[in-house]
Amino acid sequence: MDPSRTTTALPEGRYSRRSDAEADRRLRIAAVVCGVLFLGVVAWLGASYILRESVMSGSVPAFEAVSDHEMQLQLSVRKEAGTAGVCTVRSMAADKAVVGQYDFPVPAEGSTWSQVVTLRTTARGVTAELLGCTPRR
């Protein structure tokens, strides 16, 4: 190769003529658009969770296995006055197998409801958990 024939000019049409500043600007715009979309999705999910929880929520503060086929539990529900619904409770055995599950109806009267309920099981349950409460529309 002859050193006198080397040229510093780039071949025509092979490389982009865009400057680095323009590429950085486009990258920043894309990052801002993605960030705004992400924040919008997070806000929408948070708002839907809060609104869903404000209609009806419950807890199981106490439970006891009274036999190999029955579990008694305290079911407490906070809700909007006049809203009826159901709360799903399940019980699991020591080996983590589900031994009982039931949808307990919640009456529309009042803004709170608390009652001791009996959950029938197929084997001795060692835990009782509330899966969730759903208002009736």
Among the residues listed as Ser76, Ser48, the single one being free of Cβ contacts under 8 Å to residues at least 60 places away in the same chain, within 25 Å of the chain's Cα centre (by Cα) and not in a strand (DSSP E or B): Ser48
Single residue of segment 79-100 satisfying the filter (closer than 16 Å to Val55 by Cβ and open to solvent by 70 Å² or more (accessible area, probe 1.4 Å)) that is farthest from the chain's Cα centre (by Cα): Ala81
Whichever residue in segment 51-73 is without any contact (Cβ under 8 Å) to a residue 40 or more places away in the chain and outside any strand (DSSP E or B) and, among such residues, is most open to solvent (accessible area, probe 1.4 Å): Arg52
Flag if Asp103 is touching a Cys at 6+ places or on another chain (Cβ under 8 Å) and open to solvent by 40 Å² or more (accessible area, probe 1.4 Å): yes
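Residue by residue, here is whether (1) closer than 13 Å to Met71 by Cα; (2) of a type in the set (Lys, Arg); (3) over 23 Å from the mean Cα position of the chain (by Cα) holds:
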position: Tyr102; (1), (2), (3): yes, no, no
position: Pro107; (1), (2), (3): no, no, yes
position: Gly110; (1), (2), (3): no, no, yes
position: Thr122; (1), (2), (3): yes, no, yes
position: Gly132; (1), (2), (3): no, no, no
position: Pro135; (1), (2), (3): no, no, no
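The values are calculated or read from the model by the stated rules, or taken from the named source; none is laboratory data. Bear in mind the structure is a predicted one, so any value in this text is a computation, not a measurement. Backbone-built Cβ (ideal geometry, glycine too); neighbour counts: all protein chains shown. Please note that ligands, DNA and RNA were not included when accessible areas were found on the heavy atoms of the full protein model with its side chains. Shrake-Rupley method; radii C 1.70, N 1.55, O 1.52, S 1.80 Å.
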